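> Could you have a look at this structure, given as structure tokens, before my questions?
The values are calculated or read from the model by the stated rules, or taken from the named source; none is laboratory data. Computed from a predicted model, the values in this text were never measured in an experiment. Cβ atoms come from the backbone with ideal geometry, glycine included; neighbour counts cover every protein chain shown.
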Amino acid sequence: MNITIVMDGYEFSMEINPQEPILQTKQKIQNFLGVPMASQTLSFLGFELLDGFNIQDYPIITQGTKIQLTIQTIIGETSLQQNNIIVSSKFQIIVKMSSRKLNIDIDSTETVQSLKEKIHIIDGTPIRRMSLFFSGNELNDEYRSLIEYGVEEFSEIIVFLKTMSRMVTETPSRGISLVVQTSSSLLNSAKIPIEMSDLGTVNNLRQLLLDRKILPMDEYIFIHKQRIMRDNCSLRWHGVENGDFVYVFKGSVSREGH
């Protein structure tokens, strides 16, 4: 499959395999441009393409798709923006889960909440079920930075999952307002406000849009916070909150060769 990489008005084509990891695509860019992988951010339609995914995890990327490349200047381990203002120091931590370990890149601005969001994007674990622990202490202040908790390079953070029964007790069903954003091929990129229960599934949301004739009968992919949503899982499971955007694209998820 051929895609186009766009960077500051400069474009070049690249041949990729849909099953290759995003990191492999970055490696190809590094070989071609000499830009280190750690300095690259790839995005499409405002979604960052995350290192923990393969190209096929983004079925909206097809033949001829244009992917935006942003390059961040790195001096040593410190990232700088214009005017020599220090933005962040990037480093890697280890996140331990019951069945796997994740190596995740973070920076000095990373909070407990933003780390949970990264784990959710990479692993699919519901944000509401996560409890993070470091050095035996729970990281219970969602908006406190990891640095304030003493987290540094190669620190190990443990993820424990709350039981479903505890979640039901703590968080009963509630109504939420969200915005469904359609792609340019559907209704000219319409923004549609929707209200429904946070225990409603993606299938329920799809049926609601079909019943109201907001969408024509077809196959659709729903995306929230850069992750493809699962049809039979609830909005709460996906971490959808009031005011969040859910993006809709025509198509279906295919797993050929799996």
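> Say we look at segment 11-65 and pick out the residues that are more than 18 Å from the chain's Cα centre (by Cα) and small (Gly, Ala, Ser); which of these is surrounded by the fewest Cβ atoms within 10 Å (Cβ to Cβ)?
Only one residue fits best here, namely GLY34.
This table checks each residue for (1) surrounded by fewer than 20 Cβ atoms within 10 Å (Cβ to Cβ); (2) assigned to a strand (DSSP E or B); (3) hydroxyl-bearing (Ser, Thr, Tyr); (4) at pLDDT 85 or above.
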position: ASN204; (1), (2), (3), (4): yes, no, no, yes
position: ILE221; (1), (2), (3), (4): yes, yes, no, yes
position: GLY239; (1), (2), (3), (4): no, no, no, no
position: ASN242; (1), (2), (3), (4): yes, no, no, yes
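> Can you find a residue that is closer than 23 Å to SER98 by Cβ, at pLDDT below 85 and either surrounded by fewer than 17 Cβ atoms within 10 Å (Cβ to Cβ) or of a type in the set (A, V, I, L, M) (or both) anywhere in segment 187-202?
Within segment 187-202 (the criterion being closer than 23 Å to SER98 by Cβ, at pLDDT below 85 and either surrounded by fewer than 17 Cβ atoms within 10 Å (Cβ to Cβ) or of a type in the set (A, V, I, L, M) (or both)), the answer is no, since none of the residues qualifies.
> Could you please let me know if ILE93 is at pLDDT 85 or above and surrounded by 13 or more Cβ atoms within 10 Å (Cβ to Cβ)?
It is true that ILE93 is at pLDDT 85 or above and surrounded by 13 or more Cβ atoms within 10 Å (Cβ to Cβ).
> Can I ask one more? Over 22 Å from ASN103 (Cα atoms) and in a loop (DSSP other than H, G, I, E, B): is that true of ILE67 in this structure?
It is false that ILE67 is over 22 Å from ASN103 (Cα atoms) and in a loop (DSSP other than H, G, I, E, B).
> I'm checking my understanding of the structure. Among residues of segment 1-55 that are over 19 Å from ILE122 (Cβ atoms) and among the small types (Gly, Ala, Ser), which one is modelled with the highest pLDDT?
SER13
> Still on this structure, please answer the following. Of the conditions (1) more than 22 Å from TRP237 (Cα to Cα); (2) part of a helix (DSSP H, G or I), ASN103 clears all except one; give me its number.
Only one criterion in (1) more than 22 Å from TRP237 (Cα to Cα); (2) part of a helix (DSSP H, G or I) is unmet by ASN103, namely (2).
> So in segment 34-64, with the set limited to residues that are aliphatic (A, V, I, L, M), part of a loop (DSSP other than H, G, I, E, B) and touching a helix residue (DSSP H, G or I) at 6+ places or on another chain (Cβ under 7 Å), which one is farthest from ARG227 (Cα to Cα)?
Residue satisfying both the conditions and the ranking: VAL35.
> Just the residues that are in contact with a Leu (Cβ under 9 Å, 6 or more places away or on another chain), buried (at least 16 other Cβ atoms within 10 Å of the Cβ) and among the polar types (S, T, N, Q), please, taken from segment 120-163.
THR125, SER155
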